[in-house]
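Take a look at the structure below.
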Amino acid sequence: MPQYLMTVVEPSTGPGLAPGQLDQIMKDVDALHREMQEAGIWVFGGGLHPPATATTLRPGDGDVLVVDGPFAEGKEHVGGFSIIDVPDLDAALMWGRKLVAATTIPIEVRPFYDTTG
């Protein structure tokens, strides 16, 4: 079956979450991950630290430059992800809709290249 990456797209600016809102979101996401495991589609997933904790490696002049911070500045950043193994895009989008409901923010659903041949 094809695998899909469901990327949690968090805003980098704005008012932020209300007190306790992140705790509820994490409970909802954990429950959805358990549901994915029970359905046998769960591959891997996790949350990420804020973009300020990133280190970017850039090629340059035969060497690799190490830069503190994310690859690109933007209004949004990757906050976490889930990888699922489902029959098709329709199934991936069904699970993506559930992740939108759990996180209350945008989710990008993208297939991996098939490397099996």
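Bear in mind that the values in this text are calculations on the coordinates, not laboratory data. Remember, it's a predicted structure, so these values are computed and weren't measured experimentally. Positions of Cβ are generated from backbone atoms using ideal geometry, with glycine treated the same way; all protein chains shown enter the neighbour counts.
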**Request:** Please report, in debye to the nearest 20, how large the charge dipole of the chain is about its Cα centre when each Lys and Arg carries +1 at its beta carbon and each Asp and Glu carries -1 there.
**Result:** 220
**Prompt:** Tally Lys/Arg at +1 and Asp/Glu at -1 over every other residue whose Cβ is under 15 Å from the Cβ of Ala92; what's the total?
**Reply:** -3
**Message:** Could you give me D for the chain, from Stokes-Einstein at 10 °C and 1.306 mPa s, where the hydrodynamic radius is the Kirkwood radius over C-alpha pairs? Units µm² s⁻¹, please.
**Reply:** 100
**Fill in**
Most fluctuating of Gly40, Gly60, Gly16 in the GNM of the chain (C-alpha, under 10 Å) is Gly60
**Item:** Per-residue Cβ neighbour rank within 10 angstrom, fewest leading, Lys75, Lys27
**Value:** Lys75, Lys27
**Fill in**
Between the residues Val66, Phe81, Pro111, the Cα farthest towards the positive end of the dipole of the chain, that dipole coming from +1 and -1 charges on the beta-carbon of Lys, Arg, Asp and Glu, is from Phe81
**Complete:** Amide H neighbours of Ala54 at under 5 Å, excluding residues fewer than 5 places away on the same chain, with H built from the backbone geometry, are Gly69
**Value at 222 nm in deg cm²/dmol, rounded to 500, when DSSP H runs of n ≥ 4 in the chain each add -39,500 (n - 2.57)** = -9500 deg cm²/dmol
**Neighbourhood net charge (9 Å Cβ-Cβ; Lys/Arg +1, Asp/Glu -1) for Met1** = -2
